[in-house]
1. Can you give me the pair-distance distribution of the chain, C-alpha pairs, 10 Å bins, whole percents?
2. Take every DSSP beta bridge with both residues inside the chain and express the antiparallel ones as a percent of the total, to the nearest 5.
3. Which cross-chain or sequence-distant (5 or more) residues have an amide H under 5 Å from the amide H of residue 291, H modelled 1.01 Å from N in plane?
4. Going toward the positive end of the dipole of the chain, with +1 on Lys and Arg Cβ and -1 on Asp and Glu Cβ, which of 451, 106, 290 do you reach last?
5. Projecting each Cα onto the charge dipole of the chain (Lys/Arg +1, Asp/Glu -1 at the beta carbon, about the Cα centre), which of 338, 63, 183 comes out farthest on the positive side?
6. Can you tell me the order of 235-248, 285-298 when each peptide is scored by its average per-residue count of other Cβ atoms within 10 angstrom, highest first?
7. Just how large is the dipole of the chain about the Cα centre, in debye to the nearest 20, putting +1 at every Lys and Arg Cβ and -1 at every Asp and Glu Cβ?
8. So what's the angle, to the nearest 10 degrees on a 0 to 90 scale, between helix 209-222 and the longest Cα principal axis of the chain?
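Any read-out appearing in this document is the output of simple, stated calculations on the displayed coordinates, not a laboratory observation. From a predicted model like this one, the values you see are computed outputs, not experimental measurements. Using ideal geometry, Cβ is built from the backbone for each residue, glycine included, and neighbour counts are taken over all protein chains shown.
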Amino acid sequence: MRWNFDNSYARLPEAFFARVDPTPVHSPVLVLLNRPLADELGLDAEALQGPDAQQMLGGNLQGPGSAPIAQAYAGHQFGHFTLLGDGRAHLLGEHLAPDGRRVDIQLKGSGPTPYSRRGDGRAALGPMLREYLISEAMHGLGIPTTRSLAVVATGERVFREEALPGAVLTRVAGSHIRVGTFQYAAALDAGMDVPGQKRARTDGADTTRFTRALADYTLRRHYPELAERPTRYANLLDAVIDRQAALIANWMRVGFVHGVMNTDNMTLSGETIDYGPCAFMDHYDPATVFSSIDRQGRYAFANQARIGQWNLARLAETLLPLLHPEAETALAIAEEAIGRFPGRFSAHWHAVMRAKLGLANEEPGDEALGDELLEWMQRTGADYTNTFRDLCAPVAIASPASVNAAFGDPGFQAWHARWRERLDRQPGTPEAALQRMRATNPAVIARNHRVEAALAAAVETGDLGPARRLLGALTAPYDARLDDSEYRQPPAPEQRVYQTFCGT
Ligand code: AMP
Ligand code: MG
């Protein structure tokens, strides 16, 4: 299969992980394989369809050079601190791709680990297909994300509210270092009683040992250009802040609601991770929440930047002892860094909105222009994705209502006239602006009702056809050939999905 494993994470202090093999499954059968990703990683896509690969990706067989571990981490879940860790995932190792990239190869749903608490270590087919579809949709949209290489059905049942077919997902990630991993390291350094690690810190020992080891590792792996600087830990914090600000603005570009932005679900690499109750918004509403357990709207669409900043403040806290030997100075450095987040996020968001509107240069009224369109969308219940995509149609310049009946609304017409004037004031033709807009406003997103229908076909009748067809559209979401696609249809009232559930 051409695996080229190296396991640098397992060279961190032992308290960061547990060596544990996946638990074999009854009869692993490959359900989906991501051939383009296999090619990208220098893997043999043919061999990955063979019997050995099914055994390996089902967790029954260790590939050469693989040394499975479960990673320890902590996290604030809905604001409450908990010790966590991979409770149903195994890092098989880091694969070194021919282009020099190092990626984690992780099985999810592969059996219990020392961090499982009361969980069974398993995953159901539906949620694993869901993660596959949505993570690949995000990649197709050009948004940093963990990827999905394969889904293998286990031939076993998992018991949730009902008996469901089990599956194992192969997740590919820049790494699985989370804000929660730093919280775990800081807990070790603080001498916190971590199960199985009671004597990780002995009295008189270096009280920054674990955090420093993890920060140095993260710098080498994701920010090598900063790794030698005297100010590297402050630079690390700053760099993560910027990647997260950009990421959240990018989510909002496509109407994505992550749904469970706990600190254990935020990466240091800046990749989107953990596709549990996430979903794409249909009609525009900043208060959109899908997750069944998010009753307060903590992780609502328009709250994501604020929560991102809160999570990053938790990261900053863990880095305090590394930022400066004087506690007060360290705190000032951290506060300044966190204080920069809103400005960074706004800059990214305004750039996103200018791109969505085809604006090539900056004018003082641009923010208001974007906000007014959003207000119109909210007032009229307009579809977020289709409003922007329909604006990209060449005929929409002269006669918008011929593209989208809702554009006949007088409120929209007034906005449209201002937008046209704005386009006329900038260099370049309106056609060139529309061209650029089509590269940032997707025709197709992973609409929940289509995702749910595809999962139902797979789980209830074993029919992978709808999932494969949907995936085909999601991997090229800006393609003009999709402008008339059925996947652009918003849900009919009876098709609306109001709630999504954590990936169980
Ligand atoms: P998540 O909500 O997916 O971010 O998961 C939170 C924590 O619960 C992580 O530590 C997971 O590994 C763990 N977890 C979720 N489902 C299971 C399961 N079925 N068995 C064991 N641990 C689980
Ligand atoms: Mg998680």
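1. Taking every Cα pair in the chain, the percentages come to 4, 19, 28, 26, 16, 7, 1, 0.
2. 95
3. Answer set, sorted by chain and number: 500.
4. 106
5. Going by the charge dipole, the pick is 63.
6. Highest-to-lowest ranking by the protection proxy: 235-248, 285-298.
7. 480
8. With both axes taken from Cα atoms, the answer is about 50 degrees.
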